[in-house]
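Let me begin by presenting the structure, written as structure tokens, before commenting on it.
The values are calculated or read from the model by the stated rules, or taken from the named source; none is laboratory data. Nothing here was measured: the structure is a model prediction, and the numbers come from that model. Methodologically, a virtual Cβ is constructed for each residue, glycine included, from the backbone with ideal geometry; neighbour enumeration extends over all protein chains shown. Please note that ligands, DNA and RNA were not included when accessible areas were found on the heavy atoms of the full protein model with its side chains. Shrake-Rupley method; radii C 1.70, N 1.55, O 1.52, S 1.80 Å.
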Amino acid sequence: MPTPDELVSRCRRSARFWRLWLEQGDCSCSAEVEAVFGDSALCDRLASPLRRFEAAAASTGNSSLALVAAGADSGSAPLPARAAEVAKRTAEELGIGLPVAEDLVRVYADGRLSGISSLHHSSGSAFELLGSGFGTTVELHRLLHAERCEALQVLASVLRYAHDDSHAFAAQCRKLVHRLLSAGLSDCLWEMFKEVSSCPSFSMAPDRAEVVSCVRQGLDLQLCVLECVILTHYDPELCTPAPEHLCRMTDLFFRQHFLGSLLRAAHAHPWLLADCEICTQAQRVGDLCFVVLIESFALEDFDSRRHSMVESHPLLSSPEHVRHLHRRFASEWVDLCQAMSDQSGTSHHHHSHQQQQHQQPPEVVHCAHMAALVLLAWASLLASSPASYRETHGLGFSRLASSAVFKSTSLTLEAVKDIVHRGFLVTDSLCRHHAAVRVTLGSMAAAVSKCFQLDSVVGVQLAMSELTAAVHDAEPTRAIRFWTSDYPEHRGCFFVLQSWLANFPSGFDGFMRLVGALAGDAPDACGASSEAPLYALDLLQAPLRSLTLPFHVVQRSAEVTGLSEAGAAQVILRDAVYLEELVLRSHRLVLSEWHVPGCTVLRSGMVGTLLDGAAHQVRWELDRRQGLTSLRVAVTAWDAILEAAGWAQNAPNSSSSRSSSSSSSSAAAASSAEK
């Protein structure tokens, strides 16, 4: 059991040890907690996590921060002569300070050589094995990169636990975060990302292994820095990005095609774009860049800020920067999305679209997808702002509304599918926890669904529904919070679900996919089954209030009459019809005969509203007493699919030879049922 001083010494020596201690969250010894969080030299490292590893910082001796960067540790014993020589050579070759190199040697000896020493040199020290043909320099170089990443992950852990009241160190982390933010952490992280995302430095004639190693290590650091940026700005009450920094981030991410440093490195080494692992890693960097931008839009604030929204909003309160962003979005960004959509061909030729899209350079495809999602979030921000604000500052909405972001049925959907397929944002791993990212994605989906009539932008509706489902699939315990909080209070992802119900049964498969994700399947903390499936079942069994169906499915049994008081054309039924049959017919399915006795009848004389648009949709307002439910539609649709596939021979009341009922006979049967 180490003493508090020994614990602090280990944390100073190894960022990995520090991170593991934080994650363990053991507060049984208050002296240890006070020693670690009370060591100002140790905690001040987090204000600029990578500065400690810079030779320039280590050689500066005038400021207290230089002492922190130097990494001097009075609790560490001097290294033996051989180890000291290795540390000196390592400092020269890797361009780091001598104290940092000495710590690397200690960590390397403790973690990599101690086992070998116990087995083969039980009478000697692990330091004696240094430089004995074990590739010490290469190993120390890898360890240096690992420690750089670990230092950033220590900062990420502190930021994460500051928002987690259940963690043992939550209070200490919050206090430390306030201290770091007052020291300029947000600005430091932005400068750090610009540095690590610049083109990697290679030797004069690098071989393939060197290029791959440098590019991968650079992308690793970019991922770590961006995660810290997201966690720093997660709570707008603590910190919001400066609008001028947001403008610079937006321009930089777009120039980099949302691929971090890969594009500049590939300019000299084009074969990098054919390396699957590197491209995937770069796309993950782009995923986090996308989250950084939409988090900076502060879309979730609109649910809570009803008064003085513009004045209190972190971005809208700076019209100059809003105009700058809007000019860029409405020109270069929209042009890229439009060019991508035009080259992809018409959206109804899906296979042709896929083939043509894959012919585009991968960096262009990825950038267009990220740009489309950012534009969608930006459009919802503008739509939520007062019309007077948009008019005063020249924030025209027409270019965005007429762009491929809204008009294409596949651009935004394919962008979301790419994110979900990569799984980086919506799932957690051993060292990466993206709960804050998922909250931001859910806020975007809710804001978009709340601001726009998604029945006229099917691609966007499918994209936001798929994004919401993926967020809840990755964290099933969120489902019960949705049903007990967001759903009854009509906020958050309620608007995504409502967009399907308002136009039911359009996109019925997307609706069922979303309900399945919101049902969840994870047990709670006590091991009991969640109640989320029961809430989902109640929704499926609730009587529908309206149906929106294509006019052609009722054309033989209805006619268009005059205008309503609202000025919309009306459709009146001449003959009674079965509701289930109309719904299935709109999906090119045939109602199975054994469902006819239980069908809901839409009586003759019923009046529907012909909606505007080329799709000729008719909305029918239903009486809740009619009892048609989405569960009933799902069951009849499933049986119709089985029957079409030849699996209906054992269905109730079925015979081996069953003739399909025509629309006229169905109408006659419905008339008889009505009488």
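Structural remarks
- Sorting the segments 163-173, 100-110, 7-17 by their mean number of nearby beta carbons within 10 angstrom, highest to lowest, gives 100-110, 7-17, 163-173.
- Here each label is just a point 7 Å from Cα along the line to Cβ, and for Ala645 and Glu237 those points are 5.1 nm apart.
- Between Arg399 and Phe551, the FRET efficiency from the beta-carbon distance, with R0 = 25 Å, is close to 0.20.
- Model label points for Arg328 and Ala81, set 7 angstrom from Cα along the Cα-to-Cβ axis, are 5.9 nm apart.
- Projected-area average for segment 351-508 over all orientations - Cα convex hull basis, square nanometres: 11.2
- You can think of it this way: the chain between Glu320 and Glu391 has 24.2 nm of extra reach, that is 0.36 nm per residue less the Cα-Cα gap.
- Whole-Å semi-axes of the ellipsoid equivalent to segment 157-286 (Cα gyration tensor, √5λ, descending): 32, 16, 12
- Using only Cα coordinates, the Kirkwood hydrodynamic radius of segment 424-563 works out to 16.3 Å.
- Portion, in percent, of the accessible area of segment 375-417 that falls on carbon or sulfur, probe 1.4 Å: 53
- The Cα atoms of segment 156-220 define a convex hull whose projected area, averaged across directions, is 6.0 nm².
- Under 16 Å from the Asp538 label point (7 Å along Cα→beta-carbon), backbone N, segment 487-508: 487-491, 494
- Near-label residues of segment 234-254 by backbone N, under 16 Å of a point 7 Å along Cα→Cβ of Leu181: 234-243
- Taking all C-alpha pairs of segment 405-487, those more than 15 Å from each other amount to 58 percent.
- Computed extension gain for His490 through Thr561, at 0.36 nm per residue and net of the alpha carbon distance, reaches 22.0 nm.
- If R0 is 45 Å, the Cβ-Cβ spacing of Ala435 and Val138 corresponds to a FRET efficiency of close to 0.80.
- Under 5 Å, built H, 5+ apart or other chain: amide partners of Ala558: Arg574
- Additional length obtainable on full extension of the chain from Asp335 to Leu631, 0.36 nm per residue less Cα span: 102.2 nm
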